[in-house]
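The values are calculated or read from the model by the stated rules, or taken from the named source; none is laboratory data. This is a predicted model, so every value here is computed, not measured. In this analysis, Cβ positions are derived from the backbone assuming ideal geometry, glycine residues included, and neighbour counts consider all displayed protein chains. What goes into the accessible areas is simple: the full protein's heavy atoms, side chains included, and nothing from ligands, DNA or RNA. Shrake-Rupley method; radii C 1.70, N 1.55, O 1.52, S 1.80 Å.
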Amino acid sequence: MTGLPPNRCVQCGLAAPTPPLGTLAFCCSGCRTVFELLADPSLAPAAASGRSYAELDDVAFITEVGTPLPGGLVSLEVYLEGVHCAACVFVTEKVPQLVPQAREVRLDLARQVATVVWSPAVGPLSDIARMLERLGYRVRPLRGTSARELRRVEDRRALLRLGIAGAIAGNVMLLAFALYSGAFADMEHGDREFFRWLSAGLSVPAVCVAGVTFFRGAWASLATKTPHMDLPIASGLFAGLVGGLVNTVRGTGEVYFDSVCVLVFLLLAGRRLQQVRQRKASDAAELLASVTPGAARRVRLDGGVRRIEEVPLERLAPGDCVEVRPTDPVPADGTVLTGSSELDVSLLTGESRPVPVGPGAAVYAGTLNRSRTLEVQVDRVGDDTRVGRLLRELATAPKAPVVRLADRLVTRFVVIVLTLAAVTAGVWLVVDASQALDHVMALLVVTCPCALALATPLAVSVAIGRAARAGLLIKGGDPFEALAKPRGLRVFLDKTGTLTEGRLRVEQVVGDASLGPVVSRLECDATHPVGRALAEAFTPAEGSLTDVEHTIGGGVSGRVAGLGTVRVGKPDWVTPEWRRHALAGPLNDAIALGRTPVLVSVDGDPRAGVALGDPLREDTRATLDALRAAGVALGVLSGDHPEVVAHVARTLGLEPTDCHGGLSPEDKRARIQDAVAAGGVVVMVGDGVNDAAALRAATVGVAVHGGAEASLHAADVFTTTPGLTPVLTLTRAAGHTLRVIRRNYVFSVAYNVVGAGLAMAGLLSPLVAAVLMPLSSVTVISSSLLGATFRKEAS
């Protein structure tokens, strides 16, 4: 770009810092890189991670995830890490100028998802991925594209039907105003007929196109011999449309097109409100992709030479050997061949402390390598892994049955309405056959269950919206009925990340506290949770540090200038004689409280002790006390060590017999299933993959803030703010919401009883019925909006 002021980026024209005299201005490093690459592509820096992205070139992967386009092109969505501003859109869209096979790169800034279109005949996708990483954006392939596309198609169709119904309803209402006004002003016969026929022409597509979903539901109701809400809705729509068409052809009588069209729009709007919520997991493969890596480093021997190749997870097979580097997740279930390290298994088991592993140890997909590189022989892959089996159960297991109030009313309502219509027709055919159709029409229109159909979804939708503002995302209406009566509820809670913060923190220092900065300096590069906690607890000391050595399963040592050799780690590793030292008493007390002890020695002399623990969340005690006061029975199901769980139970005043530690994910699920089978409402509150199966098995599953994606899929409720206070809010507000729903039903049933009586007695004309019918919906809408449901708890 030329002619730009000195404080404008020469690449994109956005504001940029004023550069030194004689140099060019750039708003960000990405624009600088693109400018230089366009001038000389050989200047491209190497990818920071050193990844080859060879897994993206696998034919099976491209076939599964990619979308073929005309001209031999392929389109594929990838997630870009590092996207931060609008300029990133400009930068990424310049990739086709840098890589010849790239035809187009479109970035969705809000989702950080780039759609890449390229020609495999010209070059591989991995070249494009490496170029994107050189520009500062690490590439991650997206899975589950087909399912998302199907949902998008479904949503587009629903919105199209809603738009058609709304547009037609508005226009037909305008025509109805003209007809109603003309009835009192001697409208010309030709004008009247024109408006009636125009209304009829608009109403047919409103009912037969936008409202076709109700007729499909009615047909299914008849085919399965199961009375359904769609049956009287379809009957009312059909009767209103046919009656209006008959009277239009006859040129006499009332038409009901405005009521029919408005009814279709309101019902579709209600259903749309019910559908727009967080979707539950529908594909176990998508869940598995959320907790396992997208690629693995497979080790192969090529002519006796050891080679490592990156392959998609789908290409792994039992018997393969994979390399798992520090901070990498384990890609499959297997057995350690070489190397020793420590694994963070909290996502799978809930254990808050890392687990040491060595040759011969079993490891599981989804766990995180913390310390050293491992070589693992693959035993099970994909859905056959431990986490894969758990997540497959989440996608296929039926939800605990919660019977809605609407389901209890609808069967009787449908049968009663249709029976009353038949009785009305029979009576009036005897009394006055010319009035029979009008009275039946009035009955079906006035009792058309618009208000009854909207009673639950509107109240639930309003409550869900208010719950979101109070820190709760709720997937549907089932939790409201289940939690409406706190007394008798049984609530089981995970410990790590639910009752506690889910991270280690220094809770006690004994001995020479001045060694804290030295400890922080030694642990500043640690990846182990204990080391990170120690590094964050103190300000690192200055000065020379040499001979630093990390010992897996032990600790760290190093020589500090002016002090000597400092060792920090497990007491037995620091010095086997630590139990004879004065620090042994406080450290043993820490162990009894379920804390992790760390000993610090200088030149072999124990000088300080540190106790680390996973502290309780600030609101845990107050929330549990309030739940107990409301009559809720509480328990703990945790994968952490039983002694740690017992200490937490004592601290919170929970019954030891209701608090269990050392549980596997399968154990948690089994205990929840037993509790559900025993009767009553069972709530599970958790945050990890190890809780996901239990969340699904419970009557209501609640995933707390910061939880794993799989637990969010499995849960009915997700808290968007830290702590347990939203759980208390949920139990208190569910009763308020259910009372609003019941009040809506009282209004709608009372309206239908009065309206049906008047219509059967011949005191209600179809015109008046059409005017009254929307009033019931207005009443239900007002009741839902004015009802007190969710209020954010005072902190």
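The listed residues are F195, F177, and the only one of them that is modelled with pLDDT of 80 or more, of a type outside the set (K, R) and surrounded by 13 or more Cβ atoms within 10 Å (Cβ to Cβ) turns out to be F195. Looking at G211, G170, just one residue is open to solvent by less than 60 Å² (accessible area, probe 1.4 Å) and either at pLDDT 90 or above or touching a helix residue (DSSP H, G or I) at 6+ places or on another chain (Cβ under 6 Å) (or both), and that residue is G211. The residues of region 633-662 that are assigned to a loop (DSSP other than H, G, I, E, B) and at negative phi, listed by number, are S638, G639, D640, H641, L654, E655, G661. Taking the criterion of being without any contact (Cβ under 8 Å) to a residue 60 or more places away in the chain and not basic (K, R), the residues of region 637-657 that qualify are P642, E643, A646, H647, A649, T651, G653, L654, E655, P656, T657. Quick check on P5: is it of a type outside the set (S, T, Y), open to solvent by 20 Å² or more (accessible area, probe 1.4 Å) and at pLDDT below 60? Taking the combined requirement at face value, the residue satisfies it.
Has region 511-518 got at least one residue that is under 30 Å from R650 (Cβ atoms), buried (at least 19 other Cβ atoms within 10 Å of the Cβ), among the β-branched types (V, I, T) and modelled with pLDDT of 80 or more?
Checked against the condition, which is being under 30 Å from R650 (Cβ atoms), buried (at least 19 other Cβ atoms within 10 Å of the Cβ), among the β-branched types (V, I, T) and modelled with pLDDT of 80 or more, region 511-518 yields no hits at all.
Screening V410, V417, V402 for residues that are open to solvent by less than 60 Å² (accessible area, probe 1.4 Å), among the β-branched types (V, I, T), modelled with pLDDT under 85 and part of a loop (DSSP other than H, G, I, E, B) leaves exactly one candidate, V402.
Residues in region 343-397 that are at pLDDT 85 or above and at positive phi: G360 only.
Among the residues of region 433-445, those that are free of Cβ contacts under 8 Å to residues at least 40 places away in the same chain and either open to solvent by less than 70 Å² (accessible area, probe 1.4 Å) or among the aliphatic types (A, V, I, L, M) (or both) comprise A433, A436.
Would region 552-563 turn up any residue that is open to solvent by less than 50 Å² (accessible area, probe 1.4 Å) and among the polar types (S, T, N, Q)? Yes, region 552-563 contains at least one residue that is open to solvent by less than 50 Å² (accessible area, probe 1.4 Å) and among the polar types (S, T, N, Q). Scanning region 647-662 for residues that are modelled with pLDDT of 85 or more, of a type outside the set (K, R) and surrounded by fewer than 18 Cβ atoms within 10 Å (Cβ to Cβ) returns T651, G653, E655, P656, T657, D658.
Take R279 and tell me if it is at pLDDT below 80 and surrounded by fewer than 18 Cβ atoms within 10 Å (Cβ to Cβ). For R279, the condition - at pLDDT below 80 and surrounded by fewer than 18 Cβ atoms within 10 Å (Cβ to Cβ) - is met.
Select, from L37, L76, the only residue that is assigned to a strand (DSSP E or B) and either modelled with pLDDT of 60 or more or among the hydrophobic types (A, V, I, L, M, F, W, C) (or both).
The match here is L76.
Being in a strand (DSSP E or B), within 49 Å of the chain's Cα centre (by Cα) and of a type in the set (G, A, S) is not true of A590.
Would it be correct to say that R607 is on the phi < 0 side of the Ramachandran plot, open to solvent by 50 Å² or more (accessible area, probe 1.4 Å) and either at pLDDT below 90 or under 29 Å from the mean Cα position of the chain (by Cα) (or both)? Break it down stepwise before answering.
Working: on the phi < 0 side of the Ramachandran plot: yes; open to solvent by 50 Å² or more (accessible area, probe 1.4 Å): yes; either at pLDDT below 90 or under 29 Å from the mean Cα position of the chain (by Cα) (or both): yes.
It is true that R607 is on the phi < 0 side of the Ramachandran plot, open to solvent by 50 Å² or more (accessible area, probe 1.4 Å) and either at pLDDT below 90 or under 29 Å from the mean Cα position of the chain (by Cα) (or both).
Looking across region 663-689, just one residue is among the acidic types (D, E) and either part of a loop (DSSP other than H, G, I, E, B) or open to solvent by less than 50 Å² (accessible area, probe 1.4 Å) (or both), and that is D687. Whether a residue is open to solvent by 20 Å² or more (accessible area, probe 1.4 Å), at pLDDT below 85, within 28 Å of the chain's Cα centre (by Cα) and not acidic (D, E) was assessed, and V153 passes this test.
Only a single item in (1) touching a Ser or Thr at 6+ places or on another chain (Cβ under 8 Å); (2) at pLDDT 85 or above; (3) open to solvent by 20 Å² or more (accessible area, probe 1.4 Å) is not met by D108, and it is number (2).
Residues checked against (1) out of contact with any strand residue (DSSP E or B) (no Cβ under 8 Å at 6 or more places or on another chain); (2) closer than 29 Å to G339 by Cα:
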{"residue": "A535", "(1), (2)": "yes, yes"}
{"residue": "L545", "(1), (2)": "no, yes"}
{"residue": "P576", "(1), (2)": "yes, yes"}
{"residue": "R580", "(1), (2)": "yes, no"}
{"residue": "L587", "(1), (2)": "no, no"}
{"residue": "A592", "(1), (2)": "yes, no"}
{"residue": "V600", "(1), (2)": "no, yes"}
{"residue": "D603", "(1), (2)": "no, no"}
{"residue": "L624", "(1), (2)": "no, no"}
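As a summary of the residue check, A295 satisfies the conditions (1) modelled with pLDDT of 70 or more; (2) over 26 Å from V345 (Cα atoms); (3) of a type in the set (A, V, I, L, M) except for the one numbered (2). Residues in region 736-753 that are of a type in the set (S, T, Y) and under 30 Å from the mean Cα position of the chain (by Cα): 1 in all.
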